[in-house]
Amino acid sequence: MKTLIKILPILFVILSLTGCIDVQYKMNLKSDGSGTIVETVYMNTAMVQMIKGFMAMSGDSTKQEEFSLLDEVELRNEAIELGEGVKYVSGEELKDNGREGYRAIYEFEDVNKIKMDQDISDKAPSMGGENEETPEDDITFKFTKGNPATLIIFMPKEDEENEFEDDSAVEEDVEEEFEEEDVEEWTEEMKTMMKDFRISIQIEIDGDLVETNATYVDGSTITIMEMSFNELLKDPEQFKKLKNLDDSSYEETKELLKDIPGIKFETNEKVEVVFE
């Protein structure tokens, strides 16, 4: 349960630096263990123009003209990070309703070698600097061929050394902040900062699901993680419940997450999927 709590502060930092970002990963898995990963990234066009403005202020007009969220060199490097044998296939620039970004497609032959990172901080343009390194938060897989085939999804393990040194102090600060701020004013500020922010990780099975313990299933699609602040901020009182997750049991956490719109987070550490 602490994985979600550890991710939230990272997301707030990312949001304060990058504005509105929408990152979606969708793995399409075939019955032989091969497949594709489609990565879709959007950012508010105003934020992209701001980044170009920073580049202009730095005096590097060449970088300003060449800047694009679609960086094929970076995407080829990302293919390597996704796992052994992963290949970058193609990428295309996207523009949609005041946003721009890209869609990239990767191919893999063996899902057992795939590592999907929940940390999206490397999707934030650094405006000339390097993004800070963050601890790996990889989702890994174990696939067994057959009829039916079996996929086991391993959620990131908890690392006691990387937990907050003083959780109680963090929780106390958050609680005090919520008590002091006017809820309506706070909501408007969050809407401005987090508008359109979303992160989504899904796995679509090429076949029929026979059995699974996954928490969020829609047909043949399993949602591992989804955070949509547009939905979350419609009810700020629900947002405040997130700070209570760290002290909740497994069953309590599952119930809390069901009541919070815009939040889907796989609570099982090991998700088993049987399909044919």
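Observations, loosely collected:
- Residue ID - surrounded by the most Cβ atoms within 10 Å (Cβ to Cβ), chosen from residues in the stretch 21-59 that are within 19 Å of the chain's Cα centre (by Cα) and over 19 Å from residue 141 (Cβ atoms): 21
- Residues being among the small types (Gly, Ala, Ser), modelled with pLDDT under 95 and surrounded by fewer than 17 Cβ atoms within 10 Å (Cβ to Cβ) are entirely absent from the stretch 225-243.
- Beta carbons closer than 6 Å, at least 6 apart along the sequence or on distinct chains, pair a first residue in the stretch 255-269 that is closer than 13 Å to residue 198 by Cβ and of a type in the set (Val, Ile, Thr) with a second that is part of a helix (DSSP H, G or I) and at pLDDT below 80 for 263/257.
- The stretch 29-56 residues that are within 20 Å of residue 198 (Cα to Cα), paired with ones that are of a type in the set (D, E, K, R) and part of a loop (DSSP other than H, G, I, E, B) (beta carbon under 8 Å, 6 or more apart): 42/196; 44/195; 44/196
- Looking at 78, 72, just one residue is under 30 Å from residue 143 (Cβ atoms), surrounded by fewer than 14 Cβ atoms within 10 Å (Cβ to Cβ) and at pLDDT 90 or above, and that residue is 72.
The values are calculated or read from the model by the stated rules, or taken from the named source; none is laboratory data. Since we're looking at a predicted model, the values are computed, not measured. FYI the Cβ positions are ideal-geometry reconstructions off the backbone, even for glycines, and counts take in every protein chain you see.
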